[in-house]
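In what follows, a single structure is set out as structure tokens and then discussed.
FYI, it's all coordinate maths here, none of it is from the lab. Please read all numbers here as calculations on a predicted model, not as lab measurements. Every residue, glycine as well, gets a Cβ built from its backbone with ideal geometry; the counts of neighbours run over all protein chains shown.
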């Protein structure tokens, strides 16, 4: 049997993302979303989740952008002098590689973010991470999941080989780097009884998941449970309006079209002809 989770990242980041998630679920093939608890439109996302209980909602763990949930003084290794997250993946990874990040602080912030979502009534189904950084900090992510009884987590390891891979495509190298830690991540999750899909797709086409692209991925899905990452509703104007607190988002010019993909007849037909069962992390 082929089972498929189609997840929208960045739920709660902006109003347009929230509407993309809502329409993608009600009118299209979206089954799941992960919420950014420090996002500018978080409260409205919580309301949308409550109005649509069939939508699986996880937490998009974020130690990269915006203000932390915890007071900055409790997590000094994760913030800059302004008390904000670093807003640079390179700067964060440099701190990690030079052992200047305290994993206990990462676990505390992850746990605080999950706790906020749960306190606001979000029935958290799973976890993933901004820029897939939960893969780098898998130990703290597992610790936070254990504290709150979260039983699902994304493993961001995408196998290269789909159309349009090329040596000049920087997403190739991101996918290969994440894929290198996939086996270890699966072992950690399995040891804790935390469920995860068998396959993951979406890094190569992040920000430009157009109907023909998603249909091709669906046609090539293997047996078992897969997850496809999408980003519906992200508009450059709204992301720029978030200001320096969130940093700059690297967006494709086609990013705004991903909502059209989720409601496209081409995609719905691909799901139907392949006999794929759409699920959320509740069914993993």
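Based on Cα contacts under 8 Å between residues 6+ apart, the chain shows a relative contact order of 26 percent. Extension gain, residue 248 to residue 27, is 76.5 nm, computed as 0.36 nm per intervening residue step minus the present C-alpha separation.
Computed over the chain, the range of Cα coordinates on each principal axis works out to 54, 39, 36 Å, biggest value leading.
Mind ordering 30-41, 82-93 by average Cβ neighbours within 10 Å, highest first?
So the peptides 30-41, 82-93, ranked by packing, come out 30-41, 82-93.
Take residue 190, project a point 7 Å from its Cα along the Cβ direction, then tell me which residues of the range 200-238 have their backbone nitrogen under 20 Å from it. Only 200-201, 222-227 fall inside the zone, counting backbone N under 20 Å. Would you compute, from DSSP H runs of 4+ residues alone, the mean residue ellipticity of the chain at 222 nm, taking -39500 (n - 2.57) per run and dividing by the full residue count, rounded to the nearest 500? Rounded to the nearest 500, it is -11500 deg cm²/dmol.
Axis angle, to the nearest 10 degrees, between helix 138-148 and the longest C-alpha principal axis of the chain: 90 degrees. Within the range 98-123, list the residues whose amide N lies under 19 Å from a label point set 7 Å along Cα→Cβ of residue 51. 120-123, by backbone N distance to the label point.
Any chance you could give the angle, 0 to 90 degrees and rounded to 10, that helix 15-27 forms with the longest Cα principal axis of the chain? Once rounded, one gets 30 degrees.
Each part reduced to its alpha carbon centroid, the range 127-154 and the range 77-92 end up 19 Å apart.
Given an 8 Å cut-off on Cα distances and at least 6 residues of separation, report the relative contact order of the range 192-256 as a percent.
42
Sorting 224-237, 116-129 by their mean Cβ neighbour count within 10 Å, with the most densely packed peptide first, gives 224-237, 116-129. Among beta bridges from DSSP that stay inside the chain, the antiparallel ones total about 5%.
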